[in-house]
Amino acid sequence: MRIVCPFCGERELGEFTYLGDAKPQRPAADASEDAVYDYVYLRDNIAGVMSEHWYHGGGCRSWLKITRNTLTHEISTVEPAAGAGAAKVGA
Amino acid sequence: MAEFSWASRSPLEQALVTGVHGARGVEAGILLTEIRNFDLIQVMARRGKGAELAKAAKARFGMAAPDTPKAVQTKDATLIWSGPDQFLVLSKDGKYAMNTLAPAFSGLASLSDQSHARALISISGAKVRTMLAKLLSLDLHPAVFQVGAAAATSIDHTSVTLWRGADQTDGRAVFNLLVFATFAESLWHTTLDAGAEYGIDIRYSEELA
Ligand SMILES: [Zn+2]
């Protein structure tokens, strides 16, 4: 499997680390205990297209947001995660 | 308080033995040179300051710092891409050190002195691509990885900054590697193992290529 890093180009899987589901959003500070529990612990186990966070630690050290089919490993989109590269945020 | 005097020395001082390593009776296929005594500053744009930093860098160096994986040569420094909105400034004799660069990029970038935190290794020779193919997963074909190409990648699970410098006078390619000082010795041994069959001519130099 190879991933096309938006900053580095096509690289082998070994340069990347998998974090997991990119969908969960941190609940507001006054959110219920259930909402926080869901955010911290509960994950969908998706057989199909999934949005994921990956880290290009063996390369440019950027966080990436990747759309991958967990059945075929087909990657359809790769984009910088929020905060990757100073110019990408608030610019 | 006790007085300390710090004598800087190369992280490869123990491992590097000048002379020929590996295959004998053939012209060495690999020329392996450690470059010592350089100044290296990491420049990372602050959040939202990428464009302003690019402008300030251009004013400071007389040319734009690379915003894609490339290395560019100014009249007295090499600017090497090291990630989005960040680059390394490689120079000698204190031309670009923290005390001069930090004020120039104040408020725009975070700077970090890497002069004694990295080892710089230059690799060339007739067999250089064959040897590097054992260590890197990048395509180093001359048409793909041209003079000035750079990459943040890994060798043997060790992060390195790689770039292709100007060709030697005989037209042969030169690849430069920056590696964290604490991983330098490990990478050095890996390189010696990979190149042994071609014969390696080992040197060190105080000159930036
Ligand atoms: Zn990358």
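With respect to chain B, whose longest principal axis is taken over its alpha-carbon atoms, helix B:181-195 is tilted by about 30°. Annotation: peptides B:151-159, A:23-31, B:104-112, ranked by per-residue average of other Cβ atoms within 10 Å with the highest first, follow the order B:151-159, B:104-112, A:23-31.
Can you find, among A:Ile75, A:Leu13, A:Tyr41, the residue sitting farthest towards the positive end of the charge dipole of region A:2-80, where Lys and Arg contribute +1 and Asp and Glu -1 at Cβ? Farthest along the dipole direction, towards plus: A:Leu13.
Mean per-residue shielding of peptide A:56-65 is 4, counting Cβ atoms of other chains within 10 Å of each Cβ. Between B:Ile155 and B:Val160, the built amide H atoms are under 5 Å apart, and every one of these is 5 or more places off in sequence or on another chain.
Dipole size in debye (nearest 20) for chain B around its Cα centre, Lys and Arg Cβ +1, Asp and Glu Cβ -1? Computed charge dipole of chain B: roughly 620 debye. Anisotropy class assigned to chain A is oblate, per the alpha carbon gyration tensor with a/c at or over the 1.5 cut-off and a/b no larger than b/c.
Cα gyration tensor of region B:159-209, axes a ≥ b ≥ c as square roots of the eigenvalues: rounded (a/c below 1.5), prolate (a/b > b/c) or oblate? Here region B:159-209 falls in the oblate category.
Computed from backbone phi, the HN-Hα couplings of region B:50-60 come to x, 5, 5, 5, 4, 5, 5, 5, 4, 5, 6 Hz, rounded to whole numbers (Karplus: 6.51 cos²θ - 1.76 cosθ + 1.60, θ = phi - 60°; Gly and Pro given as x).
Neighbouring Cβ atoms from other chains, within 10 Å of the Cβ of residues in B:36-49, number 2 on average.
Residues in region A:13-29 carry Karplus couplings, in order, of 3, x, 7, 10, 10, 8, 9, x, 4, 8, 6, x, 10, 4, x, 4, 4 Hz; the curve used is 6.51 cos²θ - 1.76 cosθ + 1.60 with θ = phi - 60°, and Gly or Pro positions show x. Across peptide B:151-159, the mean count of Cβ atoms from other chains lying within 10 Å of each residue's own Cβ comes to 5. Among the GluC sites (Glu not before Pro) found in region B:137-209, those both in a DSSP coil and sparsely packed, with 10 or fewer other Cβ atoms within 10 Å of their Cβ, are B:Glu206. Restricting the trypsin sites (Lys or Arg not before Pro) of region B:112-209 to loop positions (DSSP other than H, G, I, E, B) with no more than 13 neighbouring Cβ atoms within 10 Å leaves B:Arg172.
Rounded to the nearest whole Hz, the Karplus-based 3J(HN,Hα) values (6.51 cos²θ - 1.76 cosθ + 1.60, θ = phi - 60°) of region B:141-148 follow the sequence 3, x, 6, 9, 9, 8, 3, x, with x at glycine and proline.
Distance between the C-alpha centres of region A:1-50 and region B:1-60: 36 Å, rounded to the whole angstrom. So what is the diffusion coefficient of chain B in µm² per second by Stokes-Einstein at 25 °C and 0.890 mPa s, using a Kirkwood Rh over Cα pairs? Answer, rounded: 137 µm²/s. For B:Gly19, the shell of other residues with beta-carbons less than 12 Å away shows a net charge of +1, using +1 for Lys and Arg and -1 for Asp and Glu. For the protein assembly as shown, taking a cut-off of 4.7 Å between Cβ atoms, the unpaired cysteines are A:Cys60.
Out of every Cα-Cα pair in the protein assembly as shown, what percent are more than 32 Å apart?
On the way: 15963 of 44850 pairs.
Above the 32 Å cut-off, the protein assembly as shown has 36 percent of its Cα pairs.
In this label model, B:Ala64 and B:Ala117 are separated by 2.7 nm, measuring between points 7 Å along each Cα→Cβ vector.
Laboratory data are not the source of any read-out in this text; all were calculated from the coordinates shown. In this text, all values refer to a predicted model and were calculated from it rather than measured experimentally. Cβ sites come from the backbone with ideal geometry, for glycine too, and all protein chains shown count toward neighbours.
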